[in-house]
């Protein structure tokens with residue numbers, strides 16, 4: 001039975017009901033049926049509208065998320081490469097630290113210093129910044145990692161005493177925390193009497 005047959009049967013049954021009723025009753029029942037159908041259709045329309053609005057909101061959130069992910073991918077796409085290059089920069093820094101006292105190789109040392117400076121300058125072009133961990137600066141646990149606490153009478157407690165390994169950020173993201181020694185109060189030992 002197709003939909004047209006069902007409609008005809010429905011119309012016939014309505015006609016039969018209408019024949020048995022008075023004209024006023026038939027008019028009232030038709031009005032009630034129509035108002036019920038309208039209410040049902042309005043409810044269905046409201047449900048469909050709610051589904052559409054939820055779907056549209058989900059799609060907008062998806063577009064926003066994809067846009068943010070794409071921007072992060074562009075901004076931080078070379079993060080792993082930069083982390084690997086920081087090891088090379090650290091080795092240059094260490095090599096220079098061990099050769100400071102040697103006067104006979106001064107031109108060579110100056111050349112390595114220039115390479116180190118150029119290397120750091122190249123990284124800065126891509127948004128890499130050195131974290132300040134100079135002596136006497138405030139210890140910040142979000143960018144510093146304390147590897148040791150040492151007593152110091154010249155620097156107030158809780159400040160950076162020395163930097164063991166420089167830290168770096170890429171734009172606003174931490175690549176590696178600066179490894180530092182943090183000062184603490186000098187503990188006074190009781191004198192032996």
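Order of 66, 164 from fewest to most other C-beta atoms within 10 Å?
The fewest-first ordering by Cβ neighbours comes to 66, 164.
Between residue 78 and residue 113, what is the label-to-label distance in nm when each label sits 7 Å out along the Cα-to-Cβ direction?
In this crude spin-label approximation the distance works out to 2.7 nm.
Would you list 147, 128 from fewest to most Cβ contacts within 10 Å?
147, 128
Using 0.36 nm per residue, how much length does the chain from residue 95 to residue 41 gain when fully extended, once their Cα-Cα distance is taken away?
The span from residue 95 to residue 41 would gain 11.4 nm if fully extended.
What spacing in nm lies between the two simple spin-label points modelled at residue 105 and residue 137, each 7 Å away from Cα in the Cβ direction?
With each label point 7 Å from Cα toward Cβ, the separation is 2.9 nm.
What is the distance in Å between the Cα centroid of region 89-144 and that of region 159-176?
Here the answer is 12 Å between Cα centres.
Using a 10 Å cut-off around each Cβ, can you sort 90, 172 from fewest to most neighbouring Cβ atoms?
Ordered from fewest to most neighbouring Cβ atoms within 10 Å, 90, 172 come out as 172, 90.
Quick one: give the max-minus-min coordinate of the C-alpha atoms of region 67-193 along each principal axis, largest first, in Å.
71, 49, 17
A short reminder: the numbers here are calculations on the coordinates, not readings from a lab. Remember, predicted model here, so these are calculated numbers, not experimental data. All Cβ positions, even for glycine, are placed from backbone atoms using ideal geometry, and neighbour counts span all protein chains on display.
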